[in-house]
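No value in this document is a laboratory result; all are computed from the given coordinates. Note that this is a predicted model, so its numbers are computed, not measured. Please note: Cβ atoms are built from the backbone with ideal geometry, for glycine as well, and neighbour counts cover all protein chains shown.
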Amino acid sequence: MKKLLDLFQKSRKSYWVRSGTYTLLGRSSNLIFGFVNFLVLVRALTVDELGTYTLFMTICTFMELIKAGFIGNPLIQYSSTLKGSEYTKVISASLFLNIAISAVQVVVILVFAFWLSDFWSAPELQVMFIVYAVTYVVNVPLSHLNYIQQANFDFKGNFYSNFFRQLIMFTFILSYLVGYKYDVVELSYVQLLSIAVALVFGIYFGKQYFSFDRNISKEWLSKLWNYGKYTFGTNVSSNFLRNIDSWMLAKMISPLATGFYNPAIRLGNLFEVPTTTLTSIAFPKLVERIKNQGEDAARHLYEKSTGYIFAVMLPVVTLVIVFADYVVLIVAGEGFDETVPILRITMLYGLIVPFNRQFGITLSALGKPHYNFYFVFVNAIVNTILNYIFITNFGLIGAALATLTTFMITLLYNQYYIHNKLHVRWRRIFGYSLSFYKVGYQKAKSIL
């Protein structure tokens, strides 16, 4: 019993267990809330309204990822290994950049609100983007506090702020079940309320890590800018890569097509939780290990994390592909027959994304964000061209085929680069996958 207690106490102090627990809880709550939200929205909204809401949310995600690349990654990269006055200088310079870049983004949102509404023939988007501009202002301090908590290896506050943000939206969406009929514009107002509530939790948990110096360091501004411009470009290109299919479908066919396409994408994203969970907790620790142990630490963590994620994804992807008809019927209901073949294709993303995403954070942790940017930027261009060709020739399913083809091309040249740079070997990656299954089998056998 004493050994078990000692093991429990030791595991509680472990960075990976502590951080992984909060991060996994956060991703799991996102998974549950997002899944149930989708189940209700697909019934509460028309397919056309669902397409409009999908377009709105992809733009919201796009804007937030811009900030994460320009502010979040550089802040974590530098502040996670600093103390004292230098730490304060980084935090202050980063906050200055956060405010400046957010101001530009708000102007862009307001300027393009009417244009995007006309471009996609979705008049509701005008009001929704104006509301989102206000939401984005509220999100400035929240995002900064979340970044500095992550830089200090503390994921508790991020979990609570995100959980209550999701809970508010979740509660409102469920009001459909008691007879309340809402529209997509109201959903944008609730998003604003949820961000405001999340900010309260962000302040409570993040204030202990916040410090500010009025004399903004030009040296740190320059360092953060030079690092962030590449991670910013990477995030923009990456998000563009993931959303260009939906955007082009809305323009080349109609928002209705996006409504049919969205269930497959949403289901695919749900099953990527293991990848996003491990990526978010691995980045700050990867930076620290590379500094202390050199590039060999990067190779080991890349192979191990990728192997484990692949092992988790393989059976999930296989089952969903085999039973895609039933999955779509249960999740989206009747009338989504066109979604079934798309889902079978998009689920294959889950076997490729772990390799590409871990590749990206490894390059960033190595201090080579510009290389990652070049890779992702080229991917975005390739995907845009392929989407135009495939949608023109194959219609709705062409968007999924184009993105899958792009991911496969990406996998080939990413692995070629990381093989030569870090001597990564696929046999070791799949060796970790096999060991994952062996350990699971042995534990299951001992229990039975």
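Numbers below:
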| item | result |
| --- | --- |
| Over region 132-208, equivalent-ellipsoid semi-axes from the Cα gyration tensor in Å | 27, 13, 7 |
| Gain upon complete extension [Tyr388, Leu319; 0.36 nm per residue less C-alpha separation] | 21.8 nm |
| Residues Val424, Val138, Val107, sorted so that the one with the fewest Cβ neighbours within 10 Å comes first | Val107, Val138, Val424 |
| Kirkwood-Stokes translational diffusion coefficient of region 69-151, alpha-carbon pairs, 10 °C, 1.306 mPa s, µm²/s | 112 µm²/s |
| Label-point separation in nm, Ala196 to Val40, each point 7 Å along Cα→Cβ | 2.0 nm |
| Gyration tensor (Cα) of region 30-124, equivalent ellipsoid semi-axes in angstrom | 36, 19, 7 |
| Net charge dipole size for region 89-248 [Lys, Arg +1 and Asp, Glu -1 on Cβ; Debye, nearest 20] | 580 debye |
| 14 Å beta-carbon shell around Leu95, net charge (K/R +1, D/E -1) | +3 |
| Net charge of Cβ neighbours under 13 Å - reference Asn146; Lys, Arg +1; Asp, Glu -1 | +2 |
| Point-to-point label distance, Tyr176-Leu434, nm (Cα→Cβ direction, 7 Å offset) | 4.7 nm |
| Trp220, Trp225 arranged by Cβ crowding within 10 Å, fewest neighbours leading | Trp225, Trp220 |
| Charge tally in the Cβ shell below 14 Å around Val190, where Lys, Arg are +1 and Asp, Glu are -1, Val190 excluded | -1 |
| Per-residue Cβ neighbour rank within 10 angstrom, fewest leading, Val127, Val353 | Val127, Val353 |
| Volume per residue of the C-alpha convex hull in region 15-434, rounded to whole Å³ | 132 Å³ |
| Spin-label pair Leu110/Leu167, simplified geometry with 7 Å Cα→Cβ offset, distance in nm | 3.4 nm |
| Gain upon complete extension [Tyr417, Tyr189; 0.36 nm per residue less C-alpha separation] | 77.6 nm |
